[in-house]
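The values are calculated or read from the model by the stated rules, or taken from the named source; none is laboratory data. Just so it is clear, the structure is predicted and the values come from calculations on it, not from any experiment. Note that we place each Cβ from the backbone using ideal geometry, even for glycine, and neighbour counts take in every protein chain shown.
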Amino acid sequence: MAASIKDVAREAGVSIATVSRVINKVDVVNEETKKKVLEAIDLLGYSPNIVAQSLKTNRSKSIGILVPDISSQVYPEIVRGAEDAANIYDYSIILCNSDFDIEKEKKYIKVLKEKMVDGLLYMSSSLDPEILQYIKDLKMKTVLVETSDDEKLLPSVTIDNRQAAKDAVNLLLSKGLKRVAYIGIKKDRKNAWARRYYGYENALNEAGIEIDPELTFNGELKAQTGYKVINSILGKTDVDAVFCGSDEIAMGVINGLRDKNLRVPEDVSVMGFNDIYEASIFYPKISTVAQPLYDMGSSSMRILIKKLRKEPVDQEHIVWPYQIIERDSVI
């Protein structure tokens, strides 16, 4: 039979309350008593009942992380940063994948609430008003990662996606490339990926270049999207360069161009976004927009935990710097 907290108290010769203070790291127990309690815990192999503790304290020491597509190589790095930060504060995480499905997101948020997670890191498929209202109604402490809501009602950690995309497209334009295609997420989605389209649009507008519908495509953030779309573009019109909403799309584009015997960057330049590891080892190495994914994850977790601990937060809306990385895929 498993040892109980009463057994630990009896073995250590202290009260149950003292054992509870040691387990919960309440800093009022002297070192000698603490040592006795820890030795008794070790001797008896005692493990606290997490469910019972959660019901008693209304805290589970767990945090939900909701991502739209865990197969994308962006999110594991963000989650890794968040988890490392959570471990420092003795929190565990519960990871949920929504597949860019709003109804699935709502379902997972409800499940996480039922599992009594203390808070939520939300990486959105789309920050629709109904999702924001849903989070508000459930009264769950939430931090947005890689995007922000328009009214800044929720703490957020992101980069300036619109400006980053604009800078990337301006780099292509500065090389004399005028027929620049866009492959990414629909512009009407309220998330970071969609804001990259507006950066593309801003750069072309300011350069006096009219947006060509035959050069703008929406789809998933995967390599197969890039491969399929570039073949569609080449069948209809000429293109000098392609700005991609993700590095995975860029890889698909490059493979599609290669299969058409077109060289990158000599015939068509390709720009990615995110700077996942594979972008630096793909052939040709992909020029891209680098964002500090690990740091975004860790800083968002720190904000959330400070909120949960009712500690002051220096910055509720962090906009991390980005970097344009020039490699071999742009002329």
Out of curiosity, is Val143 touching a strand residue (DSSP E or B) at 6+ places or on another chain (Cβ under 9 Å), among the β-branched types (Val, Ile, Thr) and assigned to a helix (DSSP H, G or I)? no
Those residues of region 150-205 which are touching a strand residue (DSSP E or B) at 6+ places or on another chain (Cβ under 7 Å) and acidic (Asp, Glu), in sequence order: Asp160, Asp167
Name the one entry in Pro284, Pro312 that is touching an Asp or Glu at 6+ places or on another chain (Cβ under 6 Å), surrounded by fewer than 22 Cβ atoms within 10 Å (Cβ to Cβ) and either assigned by TED's automatic domain parsing to the domain that holds Phe217 or at pLDDT below 95 (or both). Pro284
When (1) under 26 Å from Ile209 (Cβ atoms); (2) surrounded by fewer than 18 Cβ atoms within 10 Å (Cβ to Cβ); (3) of a type in the set (Lys, Arg); (4) touching an Asp or Glu at 6+ places or on another chain (Cβ under 9 Å) are applied to Lys152, the one that fails is (1)
Residue check: is Ser246 closer than 24 Å to Asp167 by Cβ, in contact (Cβ under 8 Å) with a residue 40 or more places away in the chain and among the polar types (S, T, N, Q)? yes
Is it the case that region 251-274 has a residue that's part of a loop (DSSP other than H, G, I, E, B), in contact with a strand residue (DSSP E or B) (Cβ under 6 Å, 6 or more places away or on another chain), small (Gly, Ala, Ser) and without any contact (Cβ under 8 Å) to a residue 60 or more places away in the chain? yes
Tyr182 vs. criteria crowded, with 23+ Cβ neighbours inside 10 Å and in contact with a Ser or Thr (Cβ under 6 Å, 6 or more places away or on another chain): yes
